[in-house]
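Have a look at the structure below before the remarks.
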Amino acid sequence: MAPRVIYWFRTDLRLHDSPALNAALDLKPEVLYPIWCWDSHYVYRARVGVNRWQFLLDCQQDVSKSISKLNKKSKLFVLREPAVTLLPKLFKAWNISHLVFEKDTDAYARERDAQVMELARKAGVEVIVKAGRTLWDSDELVKANDGKPTMSMSQVQKAAEKLGEPDKPVDTPKTLPDPGDMKLDFDQTQPKSAPDINEKHRDEKEGTYSAGIAGPNGDFSVPTLEELGMKPATTQHRGGESIALKMLDDIIANEEYTGTFEKPKTSPAAFEPQATCLTSPYLHFGALSVRYFYHKVQDVVEKRRRAKKAVSEVPVSLKGQLLFRDMYFGAQAKLGWSFGQTYNNSHCRFIPWHLPSKVDVNKKLITGEYEVDDEEKDIWFQRWAHGKTGFPWIDAIMRQLRQEGWIHHLARHSVACFLTRGGCYISWERGAEVFEELLIDHEAACNIGNWQWLSCTAFFSQFYRCYSPVAFGKKWDDNGDFIRKFVPELKDMPKKYIYEPHKAPIADQKKAGVLIKGDGEETERDGVAVYPKPMFDFNTQREICMQGMKSAYAVGFYGNSKAVMDGTWKKAFDDSGEGPTSGEQGGPAGLDSFEDADGTEELITSPPTAKRAGRNEGSTGSPKSTRGHKREHSQSTLEGSFKKKAR
DNA sequence: AACACCGTTGTGCAT
DNA sequence: GATGCACAACGGTGT
């Protein structure tokens, strides 16, 4: 019998350089079904804001069109049911012989795919999996690194040396087989919708499952944001393989840019156009092949080398950027779920951050909620997340993130340092969650890795190198054009005060049409714009954080240290120091025994779920002020702690 | 074993 | 404006 193949698209929404798709075609199938299984984890459990949804739908639409160009009977058939329940029914209904997909090493995807592979085995369906999401198969990279997670660039380079150059791109298919008939002689299994972590993004009820497996028109079309019950996207960035390939052509055509790219020399304040090439969201959804990108870049670099022209080198070069991506994938591939949290993470330093994750000690996983050890810190967190800290550079970045879904890498550094070790002393896990929700290029491995990097809990440790929310921005954008764009209430503030508007005399404030007062709740008074005062004195907080980091490093716990695992870590920290260091409950080893509210099991076991303990659920609302707060679980004040430490 | 050197992307001041 | 240094000092790697 000629093979009857399901090609399962996931984060590989492209036709070019797809080893997995080509492997499916190499089977010379009688029929090939290009399908997408509508995943409830992505709809309800992962943090996905409107902008990344839009980007995904763009990518799906585009690849569907490209498939139809090769065979007008075919397209991307979107089936509205999760893979684990749907695929076994399809195997039968469509008389499938082979299932083919691209390898995914994300912790969640590994569990899902293991279940799918077991179900395929039981159904007598052969499974073919090909790596194509990274330069090297992440498991092979780990193996070449003595079986250890790749935690530094030098380790990646050494391991890569053993593996040789990444595979050359494979050809784009010129034809595609017909799909078979789309018989659905079975019922849809509707996934559990609660808890719905993305509820705050919805105007209407989520409705992608309610119209049945084939959707409202019965044609397996790509869903819309309206069907998801979501407001329109606010980003101008659009997804799809077609755009990605054109972008890459433009990058490569500029040989000097490609050959001499140095990341630290690109400006985080540049917009329209931004200073870096913005290929990351396309890499995330697989609309752009990373290996194709790599070899295109290397061709240019080699050509320039032969011509004795200047070229940049790893790690600052474009190749270096792609190597970092593989590094984070390698770390995640080895560490699994624990990579995404402090608790039980063998390679993440333990710091007694504020707003630590709650932990289910039985599953050894964070629950998705966090402990509010100090009400003031939760307010700081909300103000940070909504761009109302009173530090214009930080607020401009956070507003660009919320509006456009993409910010420059150094901008990410600046706000991440500010939230964690260089300002608020709040857990990197809180920041990672906000980025997960808002970034169109959110890649779990890279996001988690970079948050650990910036918080000096893994990959990087020089915590005394601290970004200033004033000086760092000024270095790139003395006039504050970036602030004027994204914090428009400050657009007429004199250059002298644009990074520190609270220092502007009232007369200058009035002239600029903005009053600097309050805590971010008030945005206007008597027709005049209001911008908040800084939520703390930066130099004071910086010093508190430095001392906190120094003592936490001296204690030397990691996420899997016994004292962290059993909650006794508090004994090792001074109650007068920074962070939640007293009380019986709370903290990353808060020993929160977590159970599903209704006691039912998820289809996929134990992804960190969607509940959150924070007071401010709204993504667009303004943070609420709580005056006269008190520290709930700690006995000392910030000021007291600072004074004591400073002696 | 002890030590030097390096690490994608700090700040603030002096020269 | 460019460059160099102190700041106070991290872990990994290599000699």
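Coordinate-derived values only; no laboratory data. Since the structure is predicted, the reported quantities are computational estimates derived from the model, not experimental observations. Reconstructed Cβ throughout: ideal geometry from the backbone, glycine too, with neighbour counts over all protein chains shown.
Could you check the simple spin-label distance between A:Glu140 and A:Asp575, using points 7 Å along Cα→Cβ, in nm with one decimal?
Going by the 7 Å Cα→Cβ label model, 5.7 nm.
How far apart, in nm, are the 7 Å Cα→Cβ label points at A:Ser68 and A:Thr540?
Between A:Ser68 and A:Thr540, the label points sit 6.1 nm apart.
Give the relative contact order (percent, whole number) for the stretch A:363-479; include only Cα pairs under 8 Å separated by 6+ residues.
About 22 percent, as a whole number.
Identify all aspartates and glutamates with a Cα-Cα distance to A:Lys562 below 19 Å; exclude those on the same chain that are fewer than 8 residues away in sequence.
Within the straight-line limit of under 19 Å, A:Lys562 reaches these aspartates and glutamates: A:Asp360, A:Asp574, A:Glu584, A:Asp592.
At what distance in angstrom do the alpha carbon centres of the stretch A:471-550 and the stretch A:314-381 lie from each other?
Spelled out, the Cα-based centre of one part sits 30 Å from the other.
For the stretch A:1-132, what percent of Cα pairs sit more than 21 Å apart?
Cα-Cα pairs of the stretch A:1-132 separated by over 21 Å account for 38 percent.
Hey, got the dipole for chain A? About the Cα centre, +1 on K and R Cβ, -1 on D and E Cβ, debye to the nearest 20?
In debye, rounded to 20, chain A gives about 1800.
Rounded to the nearest 10 degrees, what's the angle between the helix A:50-70 long axis and the longest principal axis of chain A, both from Cα atoms, 0 to 90?
20
For the stretch A:486-495, just list the computed ³J(HN,Hα) in residue order, Karplus coefficients 6.51, -1.76 and 1.60, θ = phi - 60°, integers in Hz, with x standing in for Gly and Pro.
Per residue, the Karplus-derived 3J(HN,Hα) values read 9, 10, x, 5, 9, 4, 9, 5, x, 3 Hz.
Per-residue counts of other Cβ atoms within 10 Å, averaged by peptide: what ranking do you get for A:385-397, A:298-310, A:337-349, A:483-495, highest first?
Taking the mean over residues of other Cβ atoms within 10 Å, the ranking is A:385-397, A:337-349, A:483-495, A:298-310.
Between A:Glu126 and A:Ser267, what's the calculated FRET efficiency when r is the beta-carbon distance and R0 is 35 Å? Round to 0.05.
It comes to 0.10.
Work out the length of the dipole vector of the stretch A:1-133 about its Cα centre, built from +1 on the beta-carbon of each Lys and Arg and -1 on the beta-carbon of each Asp and Glu, and round it to the nearest 20 debye.
300
Relative contact order for the stretch A:1-132 using alpha-carbon pairs under 8 Å, separation at least 6, rounded to a whole percent?
So the answer I get is 35 percent.
Treat every Asp and Glu Cβ in the stretch A:133-211 as -1 and every Lys and Arg Cβ as +1, leave all other atoms uncharged, and give the resulting dipole magnitude about the Cα centre to the nearest 20 debye.
Dipole size: approximately 360 debye.
Using a ≥ b ≥ c from the Cα gyration tensor of the stretch A:172-293 (square roots of the eigenvalues), is it rounded, prolate or oblate, where a/c under 1.5 gives rounded and otherwise the larger of a/b and b/c decides, a/b for prolate?
Since a/c reaches 1.5 but b/c is at least a/b, the shape of the stretch A:172-293 is classed as oblate.
Nearest 0.05, what FRET efficiency do A:Glu313 and A:Asp187 give at R0 = 41 Å with Cβ-Cβ as r?
Efficiency, rounded to the nearest 0.05: 0.10.
Could you pull out every one of the aspartates and glutamates with an alpha carbon less than 14 Å from that of A:Lys158, ignoring same-chain neighbours closer than 8 positions?
Excluding near neighbours in sequence, the set is A:Glu140, A:Asp146, A:Asp326.
How long is the stretch A:198-251 along each principal axis, judged by its Cα atoms, biggest number first, in Å?
42, 28, 13
Apply the a/c threshold of 1.5 to the C-alpha gyration tensor of chain A and tell me whether it is rounded, prolate or oblate.
Prolate, because a/c is 1.5 or more and a/b exceeds b/c.
Under the rule of at least 5 residues apart or a separate chain, name every residue whose amide H is placed under 5 Å from the amide H of A:Ala458.
It is A:Arg349, A:Trp453, by chain and number.
Positive end of the charge dipole of chain A (Lys, Arg +1 and Asp, Glu -1 on Cβ, about the Cα centre): tell me which of A:Thr11, A:Gln60, A:Ser242 has its Cα farthest that way.
It is A:Ser242.
Straight-line reach from A:Lys263: which aspartates and glutamates fall under 13 Å, measuring Cα to Cα and dropping same-chain residues less than 8 apart?
The qualifying aspartates and glutamates are A:Glu313.
Hey, which of these cross-link pairs are over 26 Å Cα-Cα: A:Lys364/A:Lys570; A:Lys205/A:Lys364; A:Lys143/A:Lys319?
Table pairs above 26 Å Cα-Cα are A:Lys205/A:Lys364.
What percent do you get for the relative contact order of chain A when only Cα pairs under 8 Å and 6+ apart count?
Relative CO of chain A lands at 17 percent.
Hey, which of these cross-link pairs are over 20 Å Cα-Cα: A:Lys130/A:Lys168; A:Lys491/A:Lys511; A:Lys130/A:Lys363; A:Lys475/A:Lys495?
A:Lys130/A:Lys363
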